[in-house]
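These notes are about the structure you will find just below.
The values are calculated or read from the model by the stated rules, or taken from the named source; none is laboratory data. For clarity, every value in this text was computed on a predicted model and none was experimentally measured. Cβ sites come from the backbone with ideal geometry, for glycine too, and all protein chains shown count toward neighbours.
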């Protein structure tokens, strides 16, 4: 994908070019919204709203990381949704089907190479992580999702959340500490690399 060319064409009103950008980044935006909001429907709505906003504002893009620019739109959409709710989302991560029955294996956990026991552990860990994320203040949740799920650096996160670099570093350190503390009961389920990094942290 020639991202620069697609952006240029989208800025000239080419909807097809913008749709190709949507296809490239929709999973990243949706996953970010899902982690922040903790609800599938709300995450889908926030993602759609983010792309609508991005298309309307595409001419304001002036270079740099396009992914970070898009993540700013979805993060803002999530903040708007949380302000509308005026409460922290409490909907469980496990989705329900049309008959209001809980789906045991959500699609984002599907891994056909896993044994049944590994799938159970993965589902338990996924639920634990989302529970701990939802326990964080919204500002902490946003920075840790942008850093540890989307892989943005400090400067990109600061641009996304409109926050000074030092504040981002502080929030991220405190968010990771709270997540470590929250996940203590699930320590054996965590990847070995995460455990080693956490044990080495001050």
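If I filter region 131-165 down to residues being surrounded by fewer than 18 Cβ atoms within 10 Å (Cβ to Cβ) and outside any loop (DSSP other than H, G, I, E, B), which single residue comes out as farthest from the chain's Cα centre (by Cα)?
Residues of region 131-165 surrounded by fewer than 18 Cβ atoms within 10 Å (Cβ to Cβ): 131, 135, 137-139, 148-149, 151, 153-155, 162-165.
From the residues that got through so far, the ones that are outside any loop (DSSP other than H, G, I, E, B) too are 131, 135, 138-139, 148, 154-155, 165.
On the way: 131: 14, 135: 15, 138: 12, 139: 13, 148: 9, 154: 16, 155: 17, 165: 20 Å.
So the residue we want is 165.
I'd like the full set of residues that are more than 25 Å from residue 37 (Cβ to Cβ), at pLDDT below 85 and in contact with a helix residue (DSSP H, G or I) (Cβ under 6 Å, 6 or more places away or on another chain), limited to region 144-202.
198
Residue-by-condition table, conditions (1) farther than 22 Å from residue 76 by Cβ; (2) crowded, with 19+ Cβ neighbours inside 10 Å:
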| position | (1), (2) |
| --- | --- |
| 4 | yes, no |
| 11 | no, no |
| 16 | yes, no |
| 23 | no, no |
| 27 | no, no |
| 33 | no, yes |
| 36 | no, yes |
| 50 | no, yes |
